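The values are calculated or read from the model by the stated rules, or taken from the named source; none is laboratory data. Note that the coordinates shown come from a computational prediction; the quantities given were computed from them, not determined experimentally. Here the Cβ positions follow ideal geometry from the backbone for every residue, glycine too, while neighbour counts run over all protein chains shown. These area figures cover heavy atoms from the full protein model, side chains too; ligands, DNA and RNA do not enter into them. Shrake-Rupley method; radii C 1.70, N 1.55, O 1.52, S 1.80 Å.
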Amino acid sequence: MKSLKHIVYIITAGLLFTSCEKEIDVELPSTPSEIVVEAYINQLSPLFNYVILSRTVDYFNPQLDLLGVKGAQVYITEGTFNGTDTTWDIASKKQLIELAPDSIPGIYFNPLLIGKEGKVYKLEITAEGKYIYGTTTIPTLIPLDSLTYEVRINPDNNKDTGKFMTIHFMEPAATGNNYRAMYRIGGDTNYFGWGSIYDGDDVFNDEIVNGVYRRFTYGRNFDFDDTINYYFSSIDRPAYNFWQSYDQARNNGGPFATPVQLKSTVIGGIGSFTGMAVSYKKLIIRRK
């Protein structure tokens, strides 16, 4: 998955250091490995509910073939908010099974795990003697109204003419809405994993506007006959904070730039458990 690799590489970049001009031999201790969590729960498709477990890499002794964490016990339980408390439905607790431990270790999945709007979910992981946990919510769905395109001047540089996509949706009057939008060009919609969607992704919120109809035009120039699969997701604030810090770390200027602190949403490991209320639409750029 692209997203998993990016998370591992971002964390690895934090282990790098700059050297002085004079060469000095220093005995540096090995960096303890931590478990990286990439977990999702959504209401649109059970195919996109899964957990990937990997390890951070010791920069001075990398073993990329050993990244996947095998043999973990992974469970997700559904809950309901009751004021400031949460009631957990023990009967809903489902174990996620490792799909291919011998060939692609670390991917855990259960086809019977289906997310619901307005519910809270608890992730529990026992792996390599560690207990990792986290919670997330699936907010109320804010539907994507439509996708359109037009041949126009690039909105990002007011120079090039091309084919540009615009998303349209109604921003609710209530504050506190957070979004993660992802799209993929071409291919079947029934592929496995959010990491396969990363032809484009953005996170944003409603801190500027509320209760208005919103339109956003992408600066990317698409081609005729492109098929765009677009996923518009409502997420909670902790997930928004994580993915915003993830994007900052991914674009922070290379491995020797100042590391960005990932705002993890799990305890006992690094990474995120992300709940998403997903609205999906497809757009084909046709010749008129």
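Structure values in brief
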| read-out | value |
| --- | --- |
| Members of the range 196-240 that are open to solvent by less than 10 Å² (accessible area, probe 1.4 Å), more than 20 Å from SER45 (Cβ to Cβ) and not acidic (Asp, Glu) | PHE222 |
| Every residue from the range 78-106 that is open to solvent by 80 Å² or more (accessible area, probe 1.4 Å) and part of a loop (DSSP other than H, G, I, E, B) | THR84, LYS93, ASP102, SER103 |
| The range 107-137, residues that are assigned to a strand (DSSP E or B), more than 21 Å from PHE242 (Cβ to Cβ) and not aromatic (Phe, Trp, Tyr) | THR126 |
| Subset of the range 121-142 (residues that are over 30 Å from ALA174 (Cβ atoms) and among the small types (Gly, Ala, Ser)) | ALA127, GLY129 |
| In the range 22-58, the residues that are over 22 Å from the mean Cα position of the chain (by Cα), modelled with pLDDT of 60 or more and open to solvent by 70 Å² or more (accessible area, probe 1.4 Å) | PRO32 |
